[in-house]
Amino acid sequence: MKLRELQEKSTEELKRLYTDFCGKRQELNFKVSSKQLKNVREIRVLRQNIAQVLTLLNEREFEQELESNK
């Protein structure tokens with residue numbers, strides 16, 4: 001998923017995406033261990049997506065803390 005697409009999503013949607021991505025990562029790791037997954041690059045892309053989602057969630061949380069401390 002592109003970063004621009006993720007930035008347009010709400011916080012709730014990002015949290016839902018995070019749980020979906022984590023579930024899919026678990027499935028892919030299981031497939032790798034049982035040698036069913038041929039394209040292991042999917043795991044790398046998925047990890048990057050998870051990192052982007054977490055970064056956006058942390059940025060929004062930080063911004064809310066700054067606003068509440070004013």
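Annotations
- Some residue of segment 6-20 being open to solvent by less than 80 Å² (accessible area, probe 1.4 Å), free of Cβ contacts under 8 Å to residues at least 12 places away in the same chain, of a type in the set (V, I, T) and touching a helix residue (DSSP H, G or I) at 6+ places or on another chain (Cβ under 9 Å): no
- Within segment 29-47, the set of residues being assigned to a helix (DSSP H, G or I) and open to solvent by less than 100 Å² (accessible area, probe 1.4 Å) comprises N29, K31, V32, S33, E42, I43, V45, L46.
- Filtered by the rule that a residue be touching a residue at least 12 places away in the same chain (Cβ under 8 Å) and acidic (D, E), segment 21-61 gives a lone residue, E42.
- Only a single item in (1) outside any loop (DSSP other than H, G, I, E, B); (2) open to solvent by 100 Å² or more (accessible area, probe 1.4 Å); (3) modelled with pLDDT under 95 is not met by S68, and it is number (2).
- Test: N49 is of a type outside the set (V, I, T) and within 14 Å of M1 (Cβ to Cβ): yes
The values are calculated or read from the model by the stated rules, or taken from the named source; none is laboratory data. Everything numeric here is computed off the predicted structure, so don't read it as measured data. Quick reminder, even Gly has a Cβ in these numbers, built from the backbone with ideal geometry, and neighbours come from all protein chains shown. Note: accessible area is taken over every heavy atom of the protein model, side chains too, but ligands, DNA and RNA are not part of it. Shrake-Rupley method; radii C 1.70, N 1.55, O 1.52, S 1.80 Å.
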